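Below is one structure, written out as structure tokens, with a few remarks after it.
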Amino acid sequence: MGSTRWQLLANVQLPMAKRTIALGVNQTMMAALSFVVIAALIGAPGLGKPVVEALIIRDVGDGVVAGLAVVFLAIMLDRATTAAVVRTGNFVHESGAVLIRRRIALGAAFIAMLVAIVLSRYELWAAVFPEQLVIGESISSAMSAAAEWITTNVAFLTTGFREVVTIGFLNPLESLLANTPWYVTIIAISLIAALIGGKKAAGIALILLGLIVLTGLWSDTMVTLAQVLIATVIVMIVGVVVGVLVGRSERFERIMKPVLDAGQTLPAFVYLVPVLALFGPTRFAAIACGFFYATPIVVRVVADGVRDVPSSMVEAATAAGSTRMQIITKVQLPASKRSLMLGANQGLIFVLAVVVIGGFVGAGGLGYLVIVGQSKPELQGKSLAAGLAILLLGVVLDRMAQAGADRRDKPAAT
């Protein structure tokens, strides 16, 4: 047709990619909002500041209130941009009457907004939010009281579970990884990578783990890896159980949807406030924070996998007399192996991202080195090396999980 490259981009490619662009805007805003607390650490104003202040003085109530404000803002932005994605993907054009009504509504809303702006400039009642409607202090007091009650009356549960995980699982695994000679650990992890994902995954693991050794932070990396593995196991156990329930029951899905939305939009630092109050400044606090942050995404991935299992397979198993548990364990979970591997992959990466933040609460490892470099200029070089080690460790875990998922797809494809 003789179109130039610019005309092709402006008149064909960009209009056809409107849905993808809107989705990109959605994900960008969600990612940016999750960094409001990190921005507060370098002096930026906004909702991140009260979260950091609550974390410093362990004020659960104020931290939860600020976190809820972030959640509500995130849900509002998410719903607006998601609606834009759905609308741009709809190829059925609105009729004339519907379009006219829509434009009238938009015009009325715009006029109402202008009137509100003018009133707020001249009338005090229109410029100040009514104090009678502010419930932040009530929520803060209730959350603080609940945290204090749990700490006082249910300490045997929180402390007991923390000690079971720490003494029974975390300490032995951390000792095994950190005290074993580095070359033995590298060979063992490479062999595991070969079993899971093949030779390519093993080669990547061997090279990247060797680079971690060169950073001089091998022991700290193994401390972080132990915390990541323990947290991921807990995340997968809970994520698979809840994900199966969500995938099989529409009613349970409706109940869990707002919880999962809040869990995915709440910044990781917000989790540290109640976790620190319940479990104290320990390594388990970092694991618990990673659990709360990563579980929602694992639940959604597993639920999607269970929901996508062909109904004919479930009906055939039901007709054969299978029980509900047999259908789950022998039909739906095996048929959604890729979703399970993807959930494990995402769980590992999300847990790794948050366990590093655990350096704020005494988790040690690479996270502590990254954080301490912010306040001590003489350790900034070591902090950058720790960041590089985190990156390399994340790539190793990601490639192993992805290779395992791809390898399990090949027999089905053939």
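Annotations
- Residue check for residue 322: surrounded by 24 or more Cβ atoms within 10 Å (Cβ to Cβ) and more than 30 Å from residue 63 (Cβ to Cβ): no
- Complete set of residues in segment 133-144 that are part of a helix (DSSP H, G or I) and either more than 29 Å from residue 70 (Cα to Cα) or hydrophobic (A, V, I, L, M, F, W, C) (or both): 133, 139, 142, 143
- Cβ-Cβ contacts under 8 Å between residues 6 or more apart (or on different chains), taken from a first residue in segment 126-142 that is within 18 Å of residue 63 (Cβ to Cβ) and not assigned by TED's automatic domain parsing to the domain that holds residue 66 to a second residue that is surrounded by 10 or more Cβ atoms within 10 Å (Cβ to Cβ) and among the β-branched types (Val, Ile, Thr), are listed as 136/65; 139/64; 139/65; 140/64; 140/65.
- Selection status of residue 348, modelled with pLDDT under 85, assigned by TED's automatic domain parsing to the domain that holds residue 228 and within 30 Å of residue 196 (Cα to Cα): no
- Number of the exception - residue 128 against (1) within 31 Å of the chain's Cα centre (by Cα); (2) exposed (fewer than 12 other Cβ atoms within 10 Å of the Cβ); (3) of a type outside the set (Lys, Arg): (1)
- Residue satisfying all of: in segment 28-50; out of contact with any helix residue (DSSP H, G or I) (no Cβ under 8 Å at 6 or more places or on another chain) and not hydrophobic (A, V, I, L, M, F, W, C); modelled with the lowest pLDDT among these: 43
- Selection within segment 1-55: residues that are in contact (Cβ under 8 Å) with a residue 40 or more places away in the chain and of a type in the set (S, T, N, Q). The member of this set that is farthest from residue 275 (Cα to Cα) is 26.
- Screening segment 25-79 for residues that are assigned to a loop (DSSP other than H, G, I, E, B) and among the hydrophobic types (A, V, I, L, M, F, W, C) and picking the one that is nearest to residue 293 (Cα to Cα) gives 35.
- Residue that is modelled with the highest pLDDT [pool: residues in segment 371-414 that are part of a helix (DSSP H, G or I) and of a type in the set (S, T, N, Q)]: 383
- Residues of segment 342-357 that are buried (at least 23 other Cβ atoms within 10 Å of the Cβ) and farther than 23 Å from residue 370 by Cα: 343, 344.
- Any hit, segment 345-359, residues being assigned to a helix (DSSP H, G or I), more than 16 Å from the chain's Cα centre (by Cα) and of a type in the set (A, V, I, L, M, F, W, C): no
Matching residues to (1) under 30 Å from residue 313 (Cα atoms); (2) among the aromatic types (Phe, Trp, Tyr); (3) free of Cβ contacts under 8 Å to residues at least 24 places away in the same chain; (4) assigned by TED's automatic domain parsing to the domain that holds residue 362:
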| position | (1), (2), (3), (4) |
| --- | --- |
| 202 | no, no, yes, yes |
| 213 | no, no, no, yes |
| 225 | no, no, no, yes |
| 237 | yes, no, yes, yes |
| 242 | yes, no, no, yes |
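- Condition broken by residue 195, with the remaining ones in (1) surrounded by 14 or more Cβ atoms within 10 Å (Cβ to Cβ); (2) over 24 Å from residue 353 (Cβ atoms); (3) of a type outside the set (Val, Ile, Thr) satisfied: (1)
- Check on residue 147, small (Gly, Ala, Ser) and either surrounded by 15 or more Cβ atoms within 10 Å (Cβ to Cβ) or not in a helix (DSSP H, G or I) (or both): yes
- Hey, residue 322 over 19 Å from the mean Cα position of the chain (by Cα), farther than 28 Å from residue 65 by Cβ and modelled with pLDDT under 85 or not: yes
- A single member of 186, 234, 167 is within 28 Å of the chain's Cα centre (by Cα) and surrounded by 14 or more Cβ atoms within 10 Å (Cβ to Cβ), and it is 234.
- Checking each residue in segment 305-322 for being farther than 15 Å from residue 345 by Cα and assigned to a helix (DSSP H, G or I) picks out 306, 307, 311, 312, 313, 314, 315, 316, 317, 318, 319.
- Residue check for residue 229: within 21 Å of the chain's Cα centre (by Cα) and assigned to a helix (DSSP H, G or I): yes
The values are calculated or read from the model by the stated rules, or taken from the named source; none is laboratory data. Computed from a predicted model, the values in this text were never measured in an experiment. Positions of Cβ are generated from backbone atoms using ideal geometry, with glycine treated the same way; all protein chains shown enter the neighbour counts.
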